[in-house]
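Please treat every number below as a calculation from the coordinates, not as lab data. The structure displayed is predicted, hence computed values, not measured ones. So basically every Cβ, Gly included, is an ideal-geometry build from the backbone, and we count neighbours across all protein chains shown.
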Amino acid sequence: MNQPAVVSILSLISNAINPFLLYSGSKEVVLTGDRPTGPLHLGHFVGSLQKRLQLQDSHPLLILIADTQVLNNDLSKSSSTLQNTLHLMRDYLRAGLSPQKCLFVRQSSIPQIFELANYLSNLTTLAQVMRNPTIKSESQMYNNSLNMGFLNYPISQTADILLFNSSLVPVGQDQVPILEFANDLAIKFNYHFKTNIFNPITPVLSTTAKLVGIDGKNKMSKSLNNSINLSDSMSEVKMKINKMYTDSNHLRLSDPGQVQGNTVFDFLDVFLEDKNQLQELKEHYTRGGLGDRYLKDLLYKQIEKILIPMQEKNYSDDYLLNVLNENSTQALKIAQHNIEIIKSFIFK
Ligand code: TRP
């Protein structure tokens with residue numbers, strides 16, 4: 001199938017070989033997204049932000065703020081989406097993501113996502129969506145309050161990805177079945193409409209181990225109230241570290257201590273760069289003679305080194321909204337261009 005004639009909107013896009021345009025030739029566009037439900041925390045920092053910082057230097061990167069997806073879980077959260085969106089933008093920029101390098105897009109600014117989702121919904125079945133492991137486990141969390149938007153979210157997430165010519169999608173492990181579903185839909189579209197417009201979708205998984213929460217039991221998560229947020233004040237951080245469990249049998253300094261299952265060591269594993277020092281500390285703690293206070297102070301210093309430079313960067317709400325609006329306007333032009341190409345394969 002030949003590429004349809006270039007639509008005039010192309011002239012509105014400054015860079016004529018924009019990688020986000022379908023048929024631009026780029027097979028390496030990265031798209032990832034977050035639901036704006038609250039502040040980012042250290043788990044996000046080690047699990048996804050650091051990866052994005054690398055990717056923004058090597059690939060075209062679109063970061064989607066999935067504000068309409070928030071409604072699929074809990075409609076009452078709509079009243080905090082704007083505030084949470086700004087918080088997310090502030091966390092992104094403070095962490096070093098740059099509007100010069102990546103495109104920040106508000107999902108609700110791009111109606112073509114929902115237009116494409118509607119077309120794609122005809123290529124799957126209710127049974128297929130309901131079988132999806134991510135949908136199964138998430139629907140248990142929201143038990144009786146499932147809305148239709150929730151059941152549609154794998155389809156609209158597929159549209160998020162395909163509309164911007166993306167093929168590489170960094171997500172957490174829990175989202176992998178959604179991307180398998182998305183890839184399946186892309187293949188079905190190409191097959192049914194006899195085209196090669198959509199690239200295969202590949203998940204990009206984080207290589208760092210999941211960060212535990214300050215409770216030491218679960219992974220760090222805002223909803224479990226066990227997180228250290230990137231925007232927490234240093235006194236909050238100190239308080240949270242002080243609350244961490246170490247080894248409950250390590251009562252006196254001279255007692256031998258347990259490294260395994262010790263939350264402070266779980267954190268030092270991630271945040272102490274000097275691995276020789278870490279090994280020596282573990283041996284010393286196991287022998288006895290090393291105090292919890294020393295370890296907690298050391299951990300605090302490592303986290304301080306990350307958070308203070310971030311928190312020194314100040315961005316006003318107006319500035320953040322401006323960046324987001326400008327970026328979203330650019331993305332809208334791309335979406336308008338791409339949806340016309342997609343429709344030309346459907347309506348012939
Ligand atoms: N569902 C994703 C999450 O909750 C967020 C998301 C929305 C996303 N659209 C996306 C992730 C597109 C990757 C690609 O984490």
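What to note about this one:
- If you look at the Cα atoms of the chain, you get an Rg and a Dmax of 22.8, 80 Å.
- Total charge dipole magnitude, region 253-348, about the Cα centre, Cβ charges on Lys, Arg, Asp, Glu only, Debye to nearest 20: 420
- Listed residues N338, G289, Y315: farthest to the positive end of the dipole of region 282-346 (Cβ charges): G289
- Each residue of region 50-60 was assigned a 3J(HN,Hα) from its phi angle through the Karplus curve 6.51 cos²θ - 1.76 cosθ + 1.60 (θ = phi - 60°); the sequence is 4, 5, 5, 4, 5, 5, 5, 8, 10, 9, x Hz, with glycine and proline shown as x.
- Given charges at Cβ of Lys, Arg, Asp, Glu: region 113-199 dipole, positive-most of V171, A182, N196: N196
- Listed residue (S48, Q277, S139) projecting farthest to the positive dipole end of the chain, Cβ model: S139
- Each residue of region 183-195 was assigned a 3J(HN,Hα) from its phi angle through the Karplus curve 6.51 cos²θ - 1.76 cosθ + 1.60 (θ = phi - 60°); the sequence is 5, 4, 5, 4, 5, 4, 4, 4, 5, 5, 9, 6, 9 Hz, with glycine and proline shown as x.
- Within the chain, helix-based [θ] at 222 nm, where runs of 4 or more DSSP H residues each add -39,500 (n - 2.57), nearest 500: -15500 deg cm²/dmol
- Taking Cα centre as origin and charging only the Cβ of basic (Lys, Arg, +1) and acidic (Asp, Glu, -1) residues, the dipole magnitude of region 60-117 rounds to 240 debye.
- Relative to the Cα centre, the charge distribution of the chain, modelled as +1 at Lys and Arg Cβ and -1 at Asp and Glu Cβ, gives a dipole magnitude of about 380 debye.
- With Cα atoms, 0 to 90° folded angle of helix 234-243 axis to the chain main axis: 60
- Projected onto planes of every orientation and averaged, the convex hull of the alpha-carbon atoms in region 258-297 covers 2.5 nm².
- Where a label projected 7 Å from the Cα of K219 along Cα→Cβ would reach, residues of region 42-75 with amide N under 18 Å: 42-52
- Exposure proxy for D232, D67: other Cβ atoms within 10 Å of each Cβ, ordered fewest to most, give D232, D67.
- The 3J(HN,Hα) values that the Karplus relation (6.51, -1.76, 1.60; θ = phi - 60°) gives for region 311-320 are, in residue order, 6, 6, 7, 10, 10, 7, 4, 4, 4, 5 Hz. Gly and Pro appear as x.
- Applying a threshold of 29 Å to the alpha-carbon distances of K77/K188; K275/K305; K188/K348; K188/K219; K240/K313 flags K77/K188; K188/K219 as lying beyond it.
- Taking amide H atoms as placed 1.01 Å from N in the peptide plane, the amide H of L62 lies under 5 Å from those of V30, L31, T32, L103, each 5 or more residues away in sequence or on another chain.
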